[in-house]
Amino acid sequence: MLKFMRKYARSYLIKIIFAVIIIVFVFYFGAGSIRERETVIAEVGGFDVRDAEYRESYKNEFEIFRQLYRDKMDDKLLADLKEKVLSDIINKYILLAEAKKLGISVSDQEFADLIGSVEAFRKDGKFDKERYLAVLKQNRTDAEQFETSQKTMLLLRKMVSIIRDTGAPVSEADIWAGYVREKGKVDLAYSRFDPAAYKDRVSVTDKELNDLYEKEKDRFRGENTFRLKYIVIDATGNLKDDQAYMDLLKVKDIDAYGKQKGLAVSDTGDSRQSELFKRFKTLRIETWLKDLRKGDISLPVRDDGKSYIFQLVEREDGKPMEKGAALASLKARITSGKAKEMARLAAEDALKAKPTGTRATTGFISRTATSIPKLGEVPRDAMDLLGLTKEKPVYGKPVEIDGDYYIFSFAGEQDPDRKEWEKNKEGFSRYYAARQREQFLRSFIEESKQAMLKDGKIKILKPPEDSVPHRLQPGGPAQALRRSRPRDSIPQAR
């Protein structure tokens, strides 16, 4: 373990600063939410990951993502979220497994100090057992489960602290190098490969075109039209959206229900789906509207202190597109795809030949920039592009920016101002040391994960897609999950 820690202790090249504090998952996921008969979806180092724990964690993370991204939430982001949630849970159990292997545990005194510090359990300034049991009973929490759960959280905190503190201290040279990569600037030389330049070289056969048309012809239709009626419920009122939804499932008549409850019922009239998507943009109805059938009631959709519940009154699917127009659309799509692939391959060939000669340059840009002037935003998986140096002068793969491909190489750099460095040195040194501890913790977890995967100690038994619906449903997965939230319990090693 110490050999591994020494190996990674000086691994400080973090290219983009972002607020990832790994200990968050220790508190955020707690000790896990499980039920004895819940489906096991993964096994990690002798621990079972249960379906309910994944759902609870997904619900919590989804609420955070919803607040951060709002109308930018889409299926791709949700897929990434599912992967992140499962990865975080696995990381938690990796730490528990490592703690068990190293013989790290939580003493009774450490636990007593924890619960003794909780104000709700204190009376006259001291821990009171009767008050403690009464508070747990009031919250319908089993004392044994609670205690084991809290000990698990303490164990995770202890393990995280040990790993962080094991990393070797960084030198002043390391800190300056980190400062250069935070505050310095880099000039990159680049060559551009525009797919449009390759379109004339693309050929599309009639057979290829017709085969694809037969496979996808059901997609070539005009726009669907819908007629919706909906009610709006104020979150501050007495009527709760969950209750209204359940009532509407029974009566199936939104007009009658609105009249009964004194709610205005709005009618969209016959509207094209694009119009509805635009009108209800913040509600993201495109994620669930197509799944409704005549008479269906949507789940409540919450937005800015209000809840919207829809009923589909009428629906008319778009008429099939004329075949000639569909073939033209398909040919344009195939041509663009092939031209893009040709541009990518050309960029790869140029990279293998090693970039030489006169090329355009970006000019000096911050090493922590997220976009390159006149080119566009740097993809998330290529952010280390801005870390090129004299020692590592060529970026090893083509980078796609706004549909074009680029190859990059180091052209020059500017160090930060030394006077500014002297002013910022003390504060940056503290920040850098803390960041290195977080990086070291991530490295430790990743190394442990790879070793456990190699030994077959991590197994995914049921993909997350089977546990949580992939698409955003009305009101979001968080709302549906909230209706059947399991009680907190603890992870148990088998």
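The values are calculated or read from the model by the stated rules, or taken from the named source; none is laboratory data. These numbers were taken from a predicted model, which means no experiment stands behind them. FYI the Cβ positions are ideal-geometry reconstructions off the backbone, even for glycines, and counts take in every protein chain you see.
Listed by first and then second residue, the pairs with beta-carbon distance under 7 Å, at least 6 apart or on different chains, first residue in the stretch 241-263 and closer than 22 Å to Arg302 by Cβ, second of a type in the set (A, V, I, L, M, F, W, C) and assigned to a loop (DSSP other than H, G, I, E, B), are Tyr245/Leu299; Ile254/Val265; Gly258/Ala264; Gly258/Val265; Lys261/Leu239. Answer yes or no as to whether Ala369 is assigned to a loop (DSSP other than H, G, I, E, B) and among the aliphatic types (A, V, I, L, M). When the stated conditions are applied, Ala369 passes them.
So, in the stretch 263-289, of the ones that are charged (D, E, K, R) and touching a Lys or Arg at 6+ places or on another chain (Cβ under 8 Å), which residue ends up surrounded by the fewest Cβ atoms within 10 Å (Cβ to Cβ)? Talk me through it step by step, then tell me what you get.
First pass over the stretch 263-289, keeping only residues charged (D, E, K, R): 267, 270, 272, 275, 278-279, 281, 284, 286.
This time we only want the ones that are touching a Lys or Arg at 6+ places or on another chain (Cβ under 8 Å), so: 267, 270.
Details: Asp267: 12, Asp270: 14.
Once the filter is applied, the top-ranked residue is Asp267.
Just one of the listed residues (Lys331, Lys338, Lys319) is within 30 Å of Lys207 (Cα to Cα), touching a helix residue (DSSP H, G or I) at 6+ places or on another chain (Cβ under 7 Å) and among the basic types (Lys, Arg), namely Lys331. Here the stretch 378-433 is the region considered, the condition is being surrounded by fewer than 17 Cβ atoms within 10 Å (Cβ to Cβ) and β-branched (Val, Ile, Thr), and the residue that is farthest from Asp174 (Cα to Cα) is Val394.
For the stretch 130-168, the set of residues classified as without any contact (Cβ under 8 Å) to a residue 60 or more places away in the chain and within 30 Å of Glu422 (Cβ to Cβ) is empty.
Right, Ala347: surrounded by 17 or more Cβ atoms within 10 Å (Cβ to Cβ) and either not assigned by TED's automatic domain parsing to the domain that holds Glu63 or not in a loop (DSSP other than H, G, I, E, B) (or both) or not? Criteria met by Ala347. In the stretch 277-304, the residue that is modelled with the lowest pLDDT out of those that are polar (S, T, N, Q) and touching a strand residue (DSSP E or B) at 6+ places or on another chain (Cβ under 9 Å) is Thr282.
None of Leu68, Leu86 is among the hydrophobic types (A, V, I, L, M, F, W, C) and without any contact (Cβ under 8 Å) to a residue 40 or more places away in the chain except Leu68.
Within the stretch 322-343, track down each residue that is among the charged types (D, E, K, R), surrounded by 15 or more Cβ atoms within 10 Å (Cβ to Cβ) and either within 33 Å of the chain's Cα centre (by Cα) or within 17 Å of Leu388 (Cα to Cα) (or both).
Within the stretch 322-343, Lys338, Lys340 qualify.
What residue, among those in the stretch 188-209 that are over 30 Å from Phe364 (Cβ atoms) and in contact (Cβ under 8 Å) with a residue 40 or more places away in the chain, is surrounded by the fewest Cβ atoms within 10 Å (Cβ to Cβ)? The residue in question is Arg201.
On the stretch given as the stretch 338-360, residues that are at pLDDT 95 or above and of a type in the set (Ser, Thr, Tyr) total 0.
For the stretch 293-324, how many residues are assigned by TED's automatic domain parsing to the domain that holds Gly237 and without any contact (Cβ under 8 Å) to a residue 24 or more places away in the chain? Residues that pass the stated criteria total 5. Say we look at the stretch 443-466 and pick out the residues that are out of contact with any strand residue (DSSP E or B) (no Cβ under 6 Å at 6 or more places or on another chain) and modelled with pLDDT under 90; which of these is farthest from Ile163 (Cα to Cα)? Per the stated criteria, the residue is Asp466. Inclusion of Leu209 among residues that are among the hydrophobic types (A, V, I, L, M, F, W, C), in a helix (DSSP H, G or I) and under 30 Å from Gly324 (Cα atoms) is warranted. Return yes when Tyr198 is in a strand (DSSP E or B) and not basic (Lys, Arg) and no when it is not. No; evaluated as a whole, the condition is false for this residue. Residue count for the stretch 291-313, restricted to those that are basic (Lys, Arg) and either buried (at least 21 other Cβ atoms within 10 Å of the Cβ) or in contact with a helix residue (DSSP H, G or I) (Cβ under 8 Å, 6 or more places away or on another chain) (or both): 1.
Residues that are hydroxyl-bearing (Ser, Thr, Tyr) and farther than 22 Å from Glu56 by Cβ do occur in the stretch 112-127, at least one of them.
Could you tell me whether Lys185 is surrounded by 12 or more Cβ atoms within 10 Å (Cβ to Cβ), under 30 Å from Pro398 (Cβ atoms) and in contact with a strand residue (DSSP E or B) (Cβ under 9 Å, 6 or more places away or on another chain)? So Lys185 fits the description; yes. Residues being in a helix (DSSP H, G or I), among the charged types (D, E, K, R) and touching a Gly at 6+ places or on another chain (Cβ under 8 Å) are entirely absent from the stretch 133-151. Scan the stretch 344-369 for residues that are farther than 14 Å from Glu400 by Cα and within 30 Å of the chain's Cα centre (by Cα) and jot them down. Those that are farther than 14 Å from Glu400 by Cα and within 30 Å of the chain's Cα centre (by Cα): Ile365, Ser366, Arg367, Thr368, Ala369. For the stretch 260-319, a residue qualifies if it is over 16 Å from Phe226 (Cα atoms) and acidic (Asp, Glu), and the qualifying residues are Asp303, Asp304. Considering only residues that are assigned to a loop (DSSP other than H, G, I, E, B) and polar (S, T, N, Q), which ones fall in the stretch 100-121? Selection gives Ser105, Ser107, Ser117. What are the residues in the stretch 383-410 that are under 15 Å from Arg192 (Cβ atoms) and either hydrophobic (A, V, I, L, M, F, W, C) or not assigned by TED's automatic domain parsing to the domain that holds Ala196 (or both), if any? Correct list: Leu385, Val399, Ile401, Ile407, Phe408. Across the stretch 164-198, which residue is farthest from Lys352 (Cα to Cα) among those that are at pLDDT below 90 and among the aliphatic types (A, V, I, L, M)? Going through the qualifying residues, I end up with Ala168.
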